[in-house]
Each structure stands twice: as C-alpha cells, then as structure tokens.
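A quick write-up on the structure given underneath.
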Amino acid sequence: MGAAYFYHVTQSSIEQTLPMLLGKARQAGWRIEVRGQHADDMERLDKQLWLGDENGFDPHGLAGGDYDADQPVLLTFGQAAGNNPTCVMSVYGADVTPQDVTALERVCILFDGHDGAAVAHARVQWKTLADAGCTAQYWSQESGRWEKKAETA
C-alpha cells in the first residue's frame, strides 16, 4: 500500500516545485503520471518542463503520443496513463482516489496555497483519503523550506 503526500505550495509555484519532486521520484526508480484536469494546463506544463531548469531536464511526454508507454514521466488530462506509473502527481486540482493510493507506491498532491479553491479541494481529498484508511502526509513550505506538518496512520 502506498501513501499520499500533500504539498502545500506557498513559497514557489507548482511549476517550480514539480521538477524537484519528479527528480526524487525518478531517483527512486518510479514511472510517473502527472495528472491534470485540462489539456491547456498540461500543454503549458509540458512546454515548461521541456525548458528544464538549472538542475537538469526531466524526460517526459504529453499523453496521446505514439510513445506513451516509453515515457518515464507522462502528463495526462482525463485519459488513462499509458506508461504504467508507480507514482501519480496530481496538479491543478486533479482528483486521486483511495484506489490510486493503494495501487501505487506514492501519490503526490500539489496545490497552490494562495488559491482558496485549491486549498479547499485539497482538504476534501485529505479527508476522503484519510477516511478510506490511506496513509497521508501534509508538507508545507510556509517557513521557506519543506516541512512535514501532519500525518495519518
């Protein structure tokens, strides 16, 4: 059984935080689905990831291509991930289920702490997963660095 990690993004953006988490997940040997809700959001994220940052490039693809199964990181928006992920990273309010948490090594939920609707949605997801018996951790960067603030059993 996996665990859900909630990342309350306040000192940076989701787009700045995601590459760090992708790097950690890839170091663990995981294949990753980055799950969004809307094609335009994921297309924008795809372009940003292609640019990379000073820490290096994150190999990835946008779902719907000929090589989805080969992608170590696949960006999706409503379709099933074709890369057999061991980790899902939810961005821009994409839902995760208790079944996702139990089937995968890790589920990461990144949410914008400056967006009231995103915070409310993350709270609903936390409650849903905790009520289903899933292990969850809440991470905050309010102090300027990532700190674990809460955990369910």
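So the values come out like this:
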| item | result |
| --- | --- |
| Lysines with Cα under 30 Å of residue 149, excluding same-chain neighbours fewer than 8 positions away | 24, 127 |
| DSSP bridge pairs, the chain: antiparallel proportion in percent, nearest 5 | 15 |
| Residue (of 139, 108, 93) at the positive-pole extreme of region 92-153, dipole from beta-carbon charges | 139 |
| Test item: Cα-centred dipole of region 6-153, Lys/Arg +1 and Asp/Glu -1 on Cβ, debye | 480 |
| Tensor-based shape of region 4-96 (alpha-carbon gyration tensor, a/c under 1.5 rounded, otherwise prolate or oblate) | rounded |
| Mean separation of Cα contacts under 8 Å, 6 or more apart, over the residue count of the chain: relative contact order % | 33 |
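All of the numbers you see were taken from the coordinates with simple rules; none came from a lab. Every value quoted in this text rests on a predicted model; they were computed, and no experiment measured them. Neighbour counts run over all protein chains shown; Cβ positions are idealised from the backbone, glycine included.
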